[in-house]
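Novice: Just dropping this structure here.
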Amino acid sequence: MTKKTRSSNAAEGHDTDFLSRSVSSAKTIPQTLARYLRKQTRSRRTFSDFLFKIVLAVAVVLIAAPFFMVILQVAAVGIPEVFGVGPGQGLEFFGTFPGPGLLGGIRNAIAGTILLMVVAASVGIPLSVLGAVYITEYARPGRVTSAVEFTADVLAGIPSIVFGAFGFAFIVDFLHLGMGLIAGGFTLAFMMIPTVLRTTQEALKQVPMTLREASLALGATKWATTWNVTIRAAFPGIMTGVLLAVGRVMGETAPLIFTAGNTLGVPTSITGGGSWVASLPYTIWAYITDPR
Amino acid sequence: MSFEHKIEVKNLSTWFGKKKILKNISCYFEDNSVTAIMGPSGCGKSTFLRSLNRLNDTIGSFRMEGEILVEGEDIYSIDADVYELRKKVGMIFQRPNPFPMSVRENITYGPRLHGKKDDDELERLVEDSLKRAALWDEVKDSLDEPAPNLSGGQQQRLCIARALSIDPPVLLMDEPVSALDPLSAGKIEELIMKLKEEITVILVTHNVQQAFRVSDQAAFLYLGELVEFDKTRRIAEAPRDERTEAFITGRIG
């Protein structure tokens, strides 16, 4: 071992000289690296361990690289628009409606996304939370509950464009509600339901049985127990599901193409042509596909 | 209304699905006394206790025969009010189960359910209940802290205070100290002795020494059968049945 170490030092001698002008410390980087490599290749076992570590590290780099590229790209193009002071930049970008050509801002899209979220959340969240409470707290486990759970799981995996097509066929066409805020909001609500339902169910199942019993043993009705104790204890978990679902549908374009329409202003009515509403993802899509 | 015993159980048999848990049990519980229900694990102690406040009703496959009279009223009769029953018959569980709320809210939960809204009255109830559960001095400065932050022993006494907040004449305790350290267990035993001056306590335990220390009368359940039911001192000195003797000397259980 001593012999080996000595010979390795000798072998690295010229490397040290090569970099001695720039590196003043006793151990130079190539020297340390060489020592490290020698250590890793000492036997077959350490070598295979080392190789695997490299493979893992490469995987991490490959994952991280596109992420940083996206951030860099968005920052490079976006920062001048967001912080600039020229026409259509800075506050004007967020605060004004789109003008002719590329002028104006995205106020229509911001307002539209907020409105769509309000509609979607106020329809989707209560429905799915109440449904989850029924199937976990009230219904006897059986075919009906597992059918609901299965359906929710399938719906969660359906591509969003299918939701868009359904929204168009059912709400816009069949119910004659036309495109706009209601059709778009309800379509997004449908998309939220599976996620919120399933996470609420999981959160409710995590609440220990003994908490419910404590409440019942005080003479509380089932509903009082569910509302005051079970849902309250499951609240953080329910919120996780809600935020997950809102975050997901907020970034959806496909369900809105056939249902929400688009506008350069804000919706002026609840139904009909005046209720057409813009949204951020749709606006991005429109800008990208626009030849200008 | 006059009645012979605080609680009287007549020929009680229970099933979960097809499995018979309790077999033809008859016994009674008096005011201002502690009754210990002893027996090895799985002998039906908890099922018996939970029959007394109809908590078994929440389990779909539960079925019972026989009669249970609380203050002379048949609690399983068709017009019995289960919520009124549970107001009268409080319960403490094996593991402390405070609600994920503040100490104060844990106590006011029951009274609010039953229509008490006056803040001063609720405030008084919080203090009274915590004092009765010997917890007031330890938590009077942290009434708005989350109850799950208390120690295990404090949590269990909080659960006792919570049960006492609606002033039940009967308190069921399902192995209330088995999840606690010896010091906390001792405090709760003391508390049980004090509580019996005012109410009826029915205590399920698999700890024979504890049963002998705190109870006035005792019942020994074995495989769903009520093997022996008598004054605790008599059972401790001279058990009539050999199974009881085997249990209290530690040969079964």
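The values are calculated or read from the model by the stated rules, or taken from the named source; none is laboratory data. These figures come from a predicted structure and were not determined experimentally. Neighbour counts run over all protein chains shown; Cβ positions are idealised from the backbone, glycine included.
Novice: For the list (1) within 30 Å of B:G90 (Cα to Cα); (2) away from every other protein chain (no Cβ under 14 Å); (3) not hydrophobic (A, V, I, L, M, F, W, C), I need the number of the one condition that A:E213 fails.
Specialist: (2)
Novice: B:R95 passes all but one of (1) basic (K, R); (2) facing another protein chain (nearest Cβ under 7 Å); (3) under 20 Å from B:E198 (Cα atoms); which number fails?
Specialist: (3)
Novice: The conditions are (1) free of Cβ contacts under 8 Å to residues at least 60 places away in the same chain; (2) within 20 Å of the chain's Cα centre (by Cα); (3) away from chain A (no Cβ under 11 Å); (4) more than 12 Å from B:L164 (Cα to Cα), and B:I59 fails exactly one of them. Which is it?
Specialist: Among (1) free of Cβ contacts under 8 Å to residues at least 60 places away in the same chain; (2) within 20 Å of the chain's Cα centre (by Cα); (3) away from chain A (no Cβ under 11 Å); (4) more than 12 Å from B:L164 (Cα to Cα), B:I59 violates only (3).
Novice: If B:N53 satisfies every condition in (1) within 26 Å of B:D31 (Cα to Cα); (2) more than 13 Å from chain A (Cβ to nearest Cβ); (3) buried (at least 22 other Cβ atoms within 10 Å of the Cβ) but one, which is the exception?
Specialist: All conditions are met except number (2).
Novice: Name the helices (runs of 4 or more DSSP H) wholly within the range A:27-101 that hold at least 2 residues that are of a type in the set (S, T, Y)?
Specialist: A:29-40, A:44-83
Novice: Of everything in the range A:216-269 that's within 14 Å of another protein chain (Cβ to nearest Cβ) and in contact with a strand residue (DSSP E or B) (Cβ under 8 Å, 6 or more places away or on another chain), which residue is surrounded by the most Cβ atoms within 10 Å (Cβ to Cβ)?
Specialist: A:A217
Novice: Can we say A:A214 is in a helix (DSSP H, G or I), in the same structural domain as A:Y282 (by TED's automatic domain parsing) and farther than 24 Å from A:I270 by Cα?
Specialist: Values: in a helix (DSSP H, G or I): yes; in the same structural domain as A:Y282 (by TED's automatic domain parsing): yes; farther than 24 Å from A:I270 by Cα: yes.
Considered against the rule, which asks whether it is in a helix (DSSP H, G or I), in the same structural domain as A:Y282 (by TED's automatic domain parsing) and farther than 24 Å from A:I270 by Cα, A:A214 comes out as yes.
Here is a yes/no grid of residues against (1) among the hydroxyl-bearing types (S, T, Y); (2) modelled with pLDDT under 90; (3) at negative phi:
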{"residue": "A:V249", "(1), (2), (3)": "no, no, yes"}
{"residue": "A:T259", "(1), (2), (3)": "yes, yes, yes"}
{"residue": "A:G272", "(1), (2), (3)": "no, yes, no"}
{"residue": "A:W276", "(1), (2), (3)": "no, yes, yes"}
{"residue": "A:S279", "(1), (2), (3)": "yes, yes, yes"}
{"residue": "A:R292", "(1), (2), (3)": "no, yes, yes"}
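Novice: Does B:A163 fit the bill of being buried (at least 22 other Cβ atoms within 10 Å of the Cβ) and within 30 Å of B:E242 (Cα to Cα)?
Specialist: For B:A163, the condition - buried (at least 22 other Cβ atoms within 10 Å of the Cβ) and within 30 Å of B:E242 (Cα to Cα) - is not met.
Novice: Among the residues of the range A:261-289, what is the count of those that are without any contact (Cβ under 8 Å) to a residue 12 or more places away in the chain, within 18 Å of A:R107 (Cβ to Cβ) and under 27 Å from the mean Cα position of the chain (by Cα)?
Specialist: The qualifying residues number 1.
For every residue, the table says whether it meets (1) part of a loop (DSSP other than H, G, I, E, B); (2) within 14 Å of chain A (Cβ to nearest Cβ); (3) more than 18 Å from the chain's Cα centre (by Cα); (4) surrounded by fewer than 16 Cβ atoms within 10 Å (Cβ to Cβ).
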{"site": "B:N32", "(1), (2), (3), (4)": "yes, no, no, yes"}
{"site": "B:L49", "(1), (2), (3), (4)": "no, yes, no, no"}
{"site": "B:R63", "(1), (2), (3), (4)": "no, no, yes, yes"}
{"site": "B:E67", "(1), (2), (3), (4)": "no, no, yes, yes"}
{"site": "B:D79", "(1), (2), (3), (4)": "yes, no, yes, yes"}
{"site": "B:L85", "(1), (2), (3), (4)": "no, yes, no, no"}
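Novice: Another one. Identify, please: which residue in the range B:112-133 is within 19 Å of the chain's Cα centre (by Cα) and of a type outside the set (K, R) and is, among those, nearest to the other protein chains (Cβ to nearest Cβ)?
Specialist: By that ranking, first place goes to B:S129.
Novice: Pick out, from the range B:94-149, the helices (runs of 4 or more DSSP H) lying fully within it that include 2 or more residues that are buried (at least 18 other Cβ atoms within 10 Å of the Cβ) and in contact with a strand residue (DSSP E or B) (Cβ under 9 Å, 6 or more places away or on another chain).
Specialist: So the answer is B:103-113.
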